[in-house]
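Structure record follows, encoded as structure tokens.
The values are calculated or read from the model by the stated rules, or taken from the named source; none is laboratory data. A quick note: this is a predicted structure, and the numbers were derived from the prediction, not measured. Methodologically, a virtual Cβ is constructed for each residue, glycine included, from the backbone with ideal geometry; neighbour enumeration extends over all protein chains shown.
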Amino acid sequence: MTAELGRVVTHRRYVPYSHAHYAGNLVDGAYSLAAFGDVATELCILTDGDEGLFASYSDVQFLAPVRAGDVIEIEARLVRLGTRSRELEFELRVVARGAPGRGESRADVLEPAIVATTARGVVVVPPRDHAG
């Protein structure tokens, strides 16, 4: 396990209709932040052998809607290494979107993908010599 600048973790998932909160089948912004937490956890496990803990988010930008029926891709990139802190850049992209107007199960691959949410965040991990 090595924490190296530029390391990237990417997840993809389908946004179920049960997660829609608003008209137009929109999901709330917290959905993106929860997804960022998931990729940050994997990145911490890969680099430090620990799930880590989120300390803060900064510069969160909600740039486009995320809807039920979307397929999203969530990326975390390691951009700064401290002794115990790791600063990450996040991006959530919509790579496919349901098209129910053309049929109940119709969907389109989006090329290019839509960048829906970006953020920076800091996670902390235990000291390297921690044997907990």
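Here are the numbers:
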item: Residues that are more than 12 Å from Pro65 (Cβ to Cβ), in a strand (DSSP E or B) and either aromatic (Phe, Trp, Tyr) or touching a Ser or Thr at 6+ places or on another chain (Cβ under 7 Å) (or both), drawn from region 10-27; result: Tyr14
item: Candidate set: region 87-132, residues that are at pLDDT 95 or above and basic (Lys, Arg); chosen: the one surrounded by the most Cβ atoms within 10 Å (Cβ to Cβ); result: Arg93
item: Candidates Arg67, Arg12, filtered to the one that is over 13 Å from the mean Cα position of the chain (by Cα) and closer than 22 Å to Pro112 by Cα; result: Arg67
item: Count - residues of region 70-86 that are surrounded by 14 or more Cβ atoms within 10 Å (Cβ to Cβ), among the basic types (Lys, Arg) and part of a strand (DSSP E or B); result: 2
item: Positions within region 28-50 being within 16 Å of Ala68 (Cβ to Cβ) and part of a helix (DSSP H, G or I), in sequence order; result: Gly29, Ala30, Tyr31, Ser32, Ala34, Ala35
item: Subset of region 40-49 (residues that are buried (at least 17 other Cβ atoms within 10 Å of the Cβ) and more than 13 Å from Glu87 (Cα to Cα)); result: Asp48
item: From Arg93, Arg80, residue being in contact (Cβ under 8 Å) with a residue 24 or more places away in the chain and of a type in the set (Lys, Arg); result: Arg80
item: Qualifying positions in region 1-27 - in contact (Cβ under 8 Å) with a residue 60 or more places away in the chain and surrounded by fewer than 18 Cβ atoms within 10 Å (Cβ to Cβ); result: Ala3, Glu4, Leu5, Gly6, Arg7, Val8, Thr10, His11, Arg12, Arg13
item: Residue ID - nearest to Val125 (Cα to Cα), chosen from residues in region 35-51 that are touching a Leu at 6+ places or on another chain (Cβ under 8 Å) and among the small types (Gly, Ala, Ser); result: Ala40
item: Scope region 57-69; condition assigned to a strand (DSSP E or B) and at positive phi; matching residues; result: Asp59
item: Filter result for the condition that a residue is among the polar types (S, T, N, Q) and within 18 Å of Ala3 (Cβ to Cβ), over Ser105, Ser85; result: Ser85
item: Boolean, Ala30 is more than 21 Å from Ala99 (Cβ to Cβ), loosely packed, with under 13 Cβ neighbours inside 10 Å and free of Cβ contacts under 8 Å to residues at least 24 places away in the same chain; result: yes
item: The one condition in (1) surrounded by fewer than 19 Cβ atoms within 10 Å (Cβ to Cβ); (2) at pLDDT below 95; (3) within 25 Å of Asp28 (Cβ to Cβ) that Phe62 fails to fulfil; result: (2)
